[in-house]
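Input: a single structure, listed below in structure tokens.
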Amino acid sequence: KPIALNVSDAKAMYEKAEAVHVKHMVMYTWYWIPAFQRLKELVDQGYIGKVYGGSFSWLAGFGRSPGYQWRYDAERSNGVVADVGSHLFQFARLLLGDVKAVSAQLGYDIKRESGDGRILKPANDSAFVTLEFASGTLLQTQISATAGKLDNEWERNFILYGERGTLSASAGFKEGFSVHLRGWQESSDDKVDEQSDVDFLELFQNKSVGPRQFIDSILDDRQIYPGLYE
């Protein structure tokens with residue numbers, strides 16, 4: 001059954017994998033999505049200059065049921081902040097560099113059944129987490145598995161603002177997965193307005209990303225990103 005890992009467990013996994021010289025990867029899915037790669041490209045190019053701050057959010061409703069779900073059982077999971085939040089934090093670190101400090105408020109919105117008669121020790125189903133980066137950038141993240149659906153099955157929103165302007169990316173499932181990337185510069189007409197649809201079947205079956213990249217990297221003896229260090 002799934003068990004909740006702590007930081008020392010993860011560190012031990014990374015060190016063991018490195019010690020025996022085996023390839024290792026973590027499936028941070030967003031890393032390979034072209035629109036998010038494009039967002040990183042714009043940040044790296046200095047489209048908004050020095051990044052002052054921003055906000056990332058993932059709002060979904062898959063945790064609204066009071067029935068047992070192992071994701072919200074503290075014996076088996078560290079909750080939505082680890083399940084979904086880990087993807088947000090990895091993406092933020094990819095864009096903004098190393099994190100210097102973290103503060104968090106964890107929410108426990110739904111009272112759930114244990115399913116086996118024991119008293120359930122709940123894991124968080126919502127959270128607000130603030131990341132302070134080594135650069136001084138502050139990023140507020142909101143993560144929820146208990147938010148009701150509006151137009152999408154779930155919504156992801158990313159906003160970064162800086163000395164030259166603002167970048168935002170909004171993603172969600174409706175009839176498919178789509179991302180709307182926008183950018184504005186204070187003293188320029190160089191605006192970004194790009195809408196893209198993602199065919200996950202095409203991306204992960206036909207390109208060297210995700211599990212396919214993992215196998216290719218073993219065969220070609222190449223480094224893999226993201227790995228257990230992330």
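Tabulated results
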| quantity | calculated |
| --- | --- |
| Accessible surface of the chain, 1.4 Å probe, proportion on carbon and sulfur as whole % | 51 |
| Inter-site label distance for V99 and V7 at 7 Å from Cα along Cβ, in nm | 1.0 |
| Per-q log10 I(q)/I(0), region 1-68, q = 0.22, 0.23, 0.27, 0.29 Å⁻¹ (Debye; single scatterer per alpha-carbon; no solvent) | -1.04, -1.05, -1.16, -1.24 |
| Listed residues A17, A74, A82, most fluctuating in the chain (Gaussian network, C-alpha, under 10 Å) | A17 |
| Cα lying deepest toward the dipole's positive end in region 79-230, options S86, S208, V192, charges on Cβ | S86 |
| Accessible area in square angstrom per residue, the chain, 1.4 angstrom probe | 56 |
| Region 153-202, dipole about Cα centre (Lys/Arg Cβ +1, Asp/Glu Cβ -1), debye to the nearest 20 | 200 |
| Helical contribution to [θ] at 222 nm, DSSP H n ≥ 4, -39,500 (n - 2.57), averaged over the chain, rounded to 500 | -7500 deg cm²/dmol |
| Size-normalised alpha-carbon gyration radius of region 6-113, reference 2.2 N^0.38 Å | 1.31 |
| Over region 154-202 - Rg/Rh using Cα atoms and the Kirkwood inverse-distance radius | 1.08 |
| Debye-sum result for the chain in log10 I(q)/I(0), which assumes one identical scatterer on each alpha carbon, at q = 0.08, 0.14 Å⁻¹ | -0.34, -1.05 |
| Rough spin-label spacing in nm, given labels placed 7 Å along Cα→Cβ, for I224 and D116 | 3.0 |
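The values are calculated or read from the model by the stated rules, or taken from the named source; none is laboratory data. The structure presented is a predicted model; accordingly, all values stated were derived computationally and were not measured. A quick note on method: Cβ atoms are made from the backbone with ideal geometry, for glycine too, and the neighbour counts reach across all protein chains shown. All accessible areas refer to the heavy atoms of the entire protein, side chains included, with ligands and DNA or RNA removed. Shrake-Rupley method; radii C 1.70, N 1.55, O 1.52, S 1.80 Å.
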